[in-house]
Structure formats: structure tokens, C-alpha cells
Amino acid sequence: MKYLVTYDISEDSRRDKVIKLLNEYGKRVQFSCFEIEIFPQNLELLAFKLERTIDKETDKIFIFPISRNSIPFIKKLGKVEDEGGTSIVL
């Protein structure tokens, strides 16, 4: 299943660890946003690792599911990467 992961991490070293973890599962689509594809049971493990990495008092991470039904309706504006890795502008 696909997910959109957004984060606001206040400290550089923690942010770097979060980015490294998320890079294992997907691609960065914006500065603080990843699109990942992961089985639901593995998502729990990723969430556990992310939670151990962040400072719960200052940092936040949101994980939004992207349903197969909603994928055709996603609008990507500006300079974005399509699945083939080429830039497109809408």
C-alpha cells in the first residue's frame, strides 16, 4: 500500500535519521515529504523505528494512506517526477 509521510523535525541529526529510514521505503517528493510503498505489517515496524528516532515534545510525523481508488485523482503541479523519473509540468 502507498502512504504519504510528512514530517517536521526540529534537529538536523534526527531529521537525517528519519530521511535515511524513509529512503529505504520510497522516494522524497518534497523537502519534508515522502511517498512510500510498504505492506501494512511493515508499516508498524517503520512507525516504531520513527517514533524511537524523534523527540516527541518537538517533532511530528504524519503517515497518510493513499488508496488505490484515489491515485488516479492525485494532481501534481509544477516540476514533479513521474513514475519514469522524468520531469513533468501540469
Open item on the list: Compute the angle between helix 40-53 and the longest alpha-carbon principal axis of the chain, please, reported from 0 to 90 degrees and rounded to the nearest 10.
Closed with: 50
- [ ] Would you work out the charge dipole size for the chain about its Cα centre, treating the Cβ of every Lys and Arg as +1 and the Cβ of every Asp and Glu as -1, and quote it to the nearest 20 debye?
- [x] 180
Open item on the list: Using DSSP to call loops (not H, G, I, E or B), can you name the chymotrypsin sites (Phe, Trp or Tyr not before Pro) in the range 1-81 whose Cβ has at most 16 other Cβ atoms within 10 angstrom?
Closed with: 25, 31
- [ ] Relative to the longest principal axis of the C-alpha atoms of the chain, give the angle of the C-alpha long axis of helix 12-23, reported between 0 and 90° and rounded to the nearest 10°.
- [x] 50
Task: Cα-based Rg and Dmax for the chain, where Dmax is the largest Cα-Cα distance (Å) - done: 13.8, 39
Open item on the list: Starting from 0.36 nm per residue, how many nanometres of slack lie between residue 74 and residue 39 once their C-alpha separation is accounted for?
Closed with: 10.5 nm
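Where does each of 80, 18, 5 land when they are ranked from fewest to most other beta-carbon atoms within 10 angstrom?
The order, fewest Cβ neighbours first, is 80, 18, 5.
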Open item on the list: Using a 10 angstrom Cβ neighbour count of at most 15 plus a DSSP loop assignment to flag exposed trypsin sites (Lys or Arg not before Pro), which longest range of the chain is free of such sites?
Closed with: 1-55
Task: Dipole of the range 2-88, positive direction: furthest Cα of 13, 64, 53, with charges on the beta-carbon - done: 64
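We did not get these values from a lab; they are worked out from the coordinates using the rules stated. Everything numeric here is computed off the predicted structure, so don't read it as measured data. All Cβ positions, even for glycine, are placed from backbone atoms using ideal geometry, and neighbour counts span all protein chains on display.
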